[in-house]
């Protein structure tokens, strides 16, 4: 990675690519906040057959779709490659094979066109999704990133500058949703299905544990909660007790929401910041949003959140994050590689 002087050009237009998991996505973003196109080719229907994402299949599908998606993003934006000021791409964390497809495509386009290359951290992209739809949002603020692979509580001190306050010690929140959904017969993807069926259940029907990590008050642990749900289901089966799917889903969801809200509100208050945002796939959960709206209103905290389409993996959020890297003069070389376990804050 190189740091170079930024140009004085008023409008910066970036072609962004995202392929970290099972969405092949490309977008054109102007000045980090205006989305000119955002094309997403989802593989959910394919992976549903297997109850989760199959890395080899995901990689092959990315290879099939990447060029088409990039072309469609440019066409929808009414622009050509020569109009771009930078090519941005997710290079970690994620599935290594999936990441390599996007990184390889971005490097090839950058090399052939001479347009600068910018590698973007996937979690930074999720956080930056909030800039797209909340034009008034500026750092500092606290952000909770919750998805299938990540649960991070982050203090955003400036654009591209982060302090991790807490993270999951085991299962991510979205991962727990998927596993519990599978256990109660809802299938994949678990998050939206549990959210839907929970509306028909009683969230106080069953008490499931809320884990606390003694030496790190902001850290999360959902493995014990997942095990508690499985133990409850096994106990009911052995005793011949009928299981109410909606009650189990609602009670599990409430346990997750309670922990996420409690830790987040504590962090916001102790940081002395009156701005809070959520991001990631689980951020579209209706119970979670409702709980945060209520708690933030009680504390006079401004609550920011992206629309559901911006919560899922998409390239617009990568373009938003890349814009602020571009303005700081960040450029990557053609030795940029996929880093599946990339930590937030690493460059």
Quiz item: So, in the stretch 80-125, of the ones that are touching a helix residue (DSSP H, G or I) at 6+ places or on another chain (Cβ under 9 Å) and in a loop (DSSP other than H, G, I, E, B), which residue ends up farthest from residue 15 (Cα to Cα)?
Solution: 95
Practice problem: Test residue 177 against the criterion of being crowded, with 20+ Cβ neighbours inside 10 Å, in the same structural domain as residue 256 (by TED's automatic domain parsing), touching a helix residue (DSSP H, G or I) at 6+ places or on another chain (Cβ under 9 Å) and in a loop (DSSP other than H, G, I, E, B), and give yes or no. | Solution: no
Self-check item: Residue that is surrounded by the fewest Cβ atoms within 10 Å (Cβ to Cβ) [pool: residues in the stretch 126-144 that are in contact with a strand residue (DSSP E or B) (Cβ under 9 Å, 6 or more places away or on another chain) and closer than 18 Å to residue 27 by Cβ]
Solution: 133
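Condition check ((1) modelled with pLDDT under 95; (2) not in a helix (DSSP H, G or I)) across all residues:
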position: 53; (1), (2): yes, yes
position: 58; (1), (2): yes, no
position: 64; (1), (2): no, no
position: 68; (1), (2): no, no
position: 75; (1), (2): no, no
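The values are calculated or read from the model by the stated rules, or taken from the named source; none is laboratory data. The structure displayed is predicted, hence computed values, not measured ones. Note that each Cβ is placed from the backbone with ideal geometry, even for glycine, and that neighbours are counted across all protein chains shown.
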